[in-house]
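**Student:** Got a structure for you, written out below as structure tokens; questions coming shortly.
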Amino acid sequence: MAAFMRLLWASSARNPTPPAKSDNDDIYPVHMLDDTKTLRNIVVTSTLRFNDVLDAEKLHDSLSQLLEIGDWRKVGGRLRLKDEGKLEIHVPRPFTAERPAVTYSHQAINLNIEEHPLAKTLPNATETPSIQPGPQAFRIFAARKDAPETLEDFICQDRDTPQLSLHVTSFDNATLVGLLWPHTLMDVMGQQALLRGWSLVLAGRDSEVPPLLGAREDAICEAVDLPVKEKDQEEFRLGQKRLRVAELQRQARGELPATDGEKPFIGEGDVLTAWAVRAVASSLPQPRPITVVHALNARFRLSSLIQASGVYVQNMAVAAFTFLSPDVATSLGPIALENRRHLMEQSTEAQVLAFLRELRSTPGSDPALVLCSESDAVLMPFTNWTKADFYKTADFSPALLRAGEAGPLRSNPPGTMVFHHAQSMRQGSTVRNVVVVLGKDHGDNYWLTGILLPQAWAKIEEDISRM
């Protein structure tokens, strides 16, 4: 069983005006893989659906309590822009009602979730594979109306906006829990750590909350800087396949007409967007090579992080690539074999370190813009969140007021999720061929979300009809 939904992860930001700084704040850095152009432009929302009625105040209180523990306080801070243009995080000391750790909002709707005109259309597990609506239609449940949508909203003048927002919607038989944060704060495994720590505090097990590591020192940079014997140090093997943005930019500019003797300005983002659109468009009438772009999490690849005694709430994903020829890209088995081979080659500790050294050698380098591919390939970003296991990580049973679903059809324990989805607050229209595996629920259903061209959705519908 599966569900397919559309997902957009693009947004925009304007030049922000920083607010006044408080002398009493604790100041934390924003690390190398956090403060990137790509992540600055994304404000993430994650909506968790529970088939029980939960105590919204308990959820809020316990989340706030988690952010009082040690360096977990960093999550409750405010983004600030330093004079040289880098981000940092200012944390109130202490948190107060005027300057809380979390922005909290709650709406109660006196209906069963199936009776609400919009909520009744939220995805549900089905007996057979199905295509269902994506997250864009459900913005009202993701965040409050005036929630921040861009980086500017977090750091602009006269605002003191916490990085994390909690928006709870209560129905008579269900609860929706919306979380919002700037992507500069954390990745999907950081979210998993947050949900686990939150669940422990909710259960009164504060002493079991793992310490938040790397709050002040960047564990990624520390891993790169560890001494390595010359014979063990590897070059970045995909360097020869790396697409140089400057070269693409010159190529794109060369194709533009001049006005008054000057070529119009185009940025790197414009070039990459045009390249991806061109690749996808050119692939439709005839076979083309495909490059699958994976998010490879350094937490599971670097020995210094694997052996850590706590959790890292930050961004630690780098890219890995699978290169598929037109012939291979049409057969399921060969694709799976090639995908495994490429990932095995690129996910070694030595290669992940080589990738990170490549990034660090260019100040301000953005891992999302390190693209290794044939210039005419179709680019397919593919991310698998199954390892985060949100369905089992979030245990909100201590906040249970009453069960919303009972009987033999219920597959999940009380206080656990039945569904979740994520999106960006600002949605773009140029993202294509993106697939995210959201994970497996308690009924062993896989949930996937994607943004695909109509031809791809038609193919998925054909496949589903044969299942």
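Read-outs throughout are calculated quantities, based only on the coordinates presented, and are distinct from any laboratory measurement. Everything numeric here is computed off the predicted structure, so don't read it as measured data. All Cβ positions, glycine included, derive from the backbone under ideal geometry; neighbour counts span all protein chains shown.
**Student:** What does the highest-first list of 288-297, 57-66, 453-462 look like by mean Cβ count within 10 Å?
**Tutor:** 288-297, 57-66, 453-462
**Student:** Of the listed peptides 96-102, 175-181, what is their order by residue-averaged count of other C-beta atoms within 10 Å, with the highest listed first?
**Tutor:** My ranking of the peptides, most packed first, is 175-181, 96-102.
**Student:** So how much slack lies between Thr362 and Ala458, counting 0.36 nm per residue of separation and subtracting their Cα-Cα distance, in nm?
**Tutor:** Full-extension gain reported as 30.3 nm.
**Student:** Another question, then. Starting from the Cα of Lys58, draw a straight line to each of the aspartates and glutamates and keep only those under 15 Å, dropping any in the same chain fewer than 8 residues away.
**Tutor:** Partners within reach: Asp206, Asp395.
**Student:** Let's test the formula: R0 of 25 Å, r as the Cβ-Cβ distance of Ile131 and Thr386. What FRET efficiency results, to the nearest 0.05?
**Tutor:** So the FRET efficiency works out to roughly 0.80.
**Student:** List the residues whose amide H sits under 5 Å from the amide H of Asp172, counting only those 5 or more places along or on another chain, with H placed 1.01 Å from N in the peptide plane.
**Tutor:** Amide H neighbours of Asp172: Leu111, Asn112, Ile113.
**Student:** Please list, in order along segment 69-75, the HN-Hα scalar couplings obtained from phi with the Karplus expression 6.51 cos²θ - 1.76 cosθ + 1.60 (θ = phi - 60°), rounded to whole Hz, x for Gly and Pro.
**Tutor:** Once θ is set to phi - 60°, the couplings for segment 69-75 become 8, x, 7, 4, 4, 4, 5 Hz.
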